[in-house]
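Asks: Right, I'll just put the structure down here and ask away after.
The values are calculated or read from the model by the stated rules, or taken from the named source; none is laboratory data. The model shown is predicted, which means the values in this text are computed figures rather than measured ones. Cβ coordinates were reconstructed from backbone atoms using ideal geometry, including for glycine residues, and neighbour counts include every protein chain displayed. Accessible surface areas use protein heavy atoms only, side chains included; no ligands, DNA or RNA. Shrake-Rupley method; radii C 1.70, N 1.55, O 1.52, S 1.80 Å.
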Amino acid sequence: MNTKRMLMALLLAVMTSWSLSQTAAAQTTGPDKGALVIVGGGAIPPDIWSRFIDLAGGVANARIVVIPTAGDDSTLNPSGQRTQKRLIELGVANVTLLHTRDPKQANQESFVAPLKTATAVWFEGGRHWRLADSYLNTLAHKEFNALLNRGGVIGGTSAGATILGSFMVRGDTKGNSIMVGDHTEGLAFARNLTIDQHVLRRNRQFDLIDVIKARPDLLGIGIDESTAVVVRKNTFEVVGNSFVGIYDINQINSSAKYPSGQNSTGGPFYFLGKGQQFDLQARKVINQPAPRPNEPAK
């Protein structure tokens, strides 16, 4: 082989290796152990609470820590107390509230003590930049990951849902209409994932498109109210009353038809309904329903 061919072969090998590394780096993955219950806000129906409690060990064994930090000072205590009361009404005896706005306190062993024996953590809604400012890269954050690693569950609603991904939309301190703002780093229990909420209820179904165009490595999921995705390893299932939108650069670029198995005409995103499952790594629907036949006009 002459020198020119050797150089071309070497260049091709380097480019292939770089491309494979970029693809691997861009893979969306869930937690290696444990589970996530990611809720799009609004009223939480019984089937979502039931799944969360079951994953926490059941009513007899669940030890749940509720974190209301995303709320403002006037609402965080009532919000956390409502969730605590609701979980107790559902039969869970051990429910603890945990809150700080000070990352120094979140780095103290005394503060994280309830997390060490918890089977579940629940993040309330509000503004997710408050959660990032309080807990990101602290001892508390380490304990959240430790909880997952021993098979526990972390859930959250609205802002408490978005914080669970690696890239936060609507995290700007000036307002939640700014999609990419001054806070974008989430707690990253799922990697290369960005999560929006209240999607259909607040007419937000188009908002993630430009985010994914700018960050094609990310997978975007938009969750409507009273709806959740339950993530275990690299698969999620839709639970609840409404729909979950999928925002992937390949779909945006191709507007392919029938990505969810429904008789859709194609477009930059698509919806999944209750019971449908999705492979985060492959970015494909797992259990596509059989396409409905075209119905003749009557």
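Asks: If Asn253 satisfies all but one of (1) touching a strand residue (DSSP E or B) at 6+ places or on another chain (Cβ under 9 Å); (2) at pLDDT 95 or above; (3) not β-branched (Val, Ile, Thr), what's the number of the condition it fails?
Replies: (1)
Asks: Still on this structure: Considering region 136-174 alone, what residues qualify as being within 12 Å of Leu115 (Cβ to Cβ) and assigned to a helix (DSSP H, G or I)?
Replies: Leu139, Ala140, His141, Lys142, Glu143, Phe144, Asn145, Ala146, Leu147, Leu148
Asks: Here's something else I'd like to know. Restricting to region 53-85, name every residue that is within 14 Å of Ala120 (Cβ to Cβ) and open to solvent by 60 Å² or more (accessible area, probe 1.4 Å).
Replies: Hits for region 53-85 are Asp54, Val59, Ala60, Asn61, Arg63.
Asks: May I pose another question? Does Ala188 fit the bill of being over 10 Å from the mean Cα position of the chain (by Cα), among the small types (Gly, Ala, Ser), modelled with pLDDT of 95 or more and open to solvent by 20 Å² or more (accessible area, probe 1.4 Å)?
Replies: no
Asks: A further question follows. Considering region 83-130 alone, what residues qualify as being out of contact with any Gly (no Cβ under 7 Å at 6 or more places or on another chain), among the hydroxyl-bearing types (Ser, Thr, Tyr) and farther than 30 Å from Ile178 by Cβ?
Replies: The answer is Thr96, Ser110, Thr117.
Asks: Just to be sure, is Asn137 open to solvent by 20 Å² or more (accessible area, probe 1.4 Å) and within 21 Å of Ala228 (Cα to Cα)?
Replies: The answer is no for Asn137.
Asks: So which strands (runs of 3 or more DSSP E) are wholly in region 193-277 and hold at least 3 residues that are of a type outside the set (D, E, K, R) and either within 16 Å of the chain's Cα centre (by Cα) or surrounded by fewer than 18 Cβ atoms within 10 Å (Cβ to Cβ) (or both)?
Replies: Filter on region 193-277 gives 193-197, 219-223, 227-232, 235-240, 244-247.
Asks: Going by what's in this entry, would Ile246 be described as touching a Pro at 6+ places or on another chain (Cβ under 6 Å), over 22 Å from Ala56 (Cβ atoms) and at pLDDT 95 or above?
Replies: No.
Asks: Quick one: how many residues across region 123-182 are closer than 21 Å to Val95 by Cα, among the hydroxyl-bearing types (Ser, Thr, Tyr) and under 12 Å from the mean Cα position of the chain (by Cα)?
Replies: Selection size over region 123-182: 2.
Asks: Please enumerate the residues belonging to region 108-131 that are part of a loop (DSSP other than H, G, I, E, B) and farther than 21 Å from Val59 by Cα.
Replies: Result: Gln108, Gly125, Gly126, Arg127.
Asks: Just to check your reading of the model, which residue among Ser254, Ser264, Ser226 is small (Gly, Ala, Ser) and closer than 22 Å to Asp47 by Cβ?
Replies: Result: Ser226 is the single residue among Ser254, Ser264, Ser226 that is small (Gly, Ala, Ser) and closer than 22 Å to Asp47 by Cβ.
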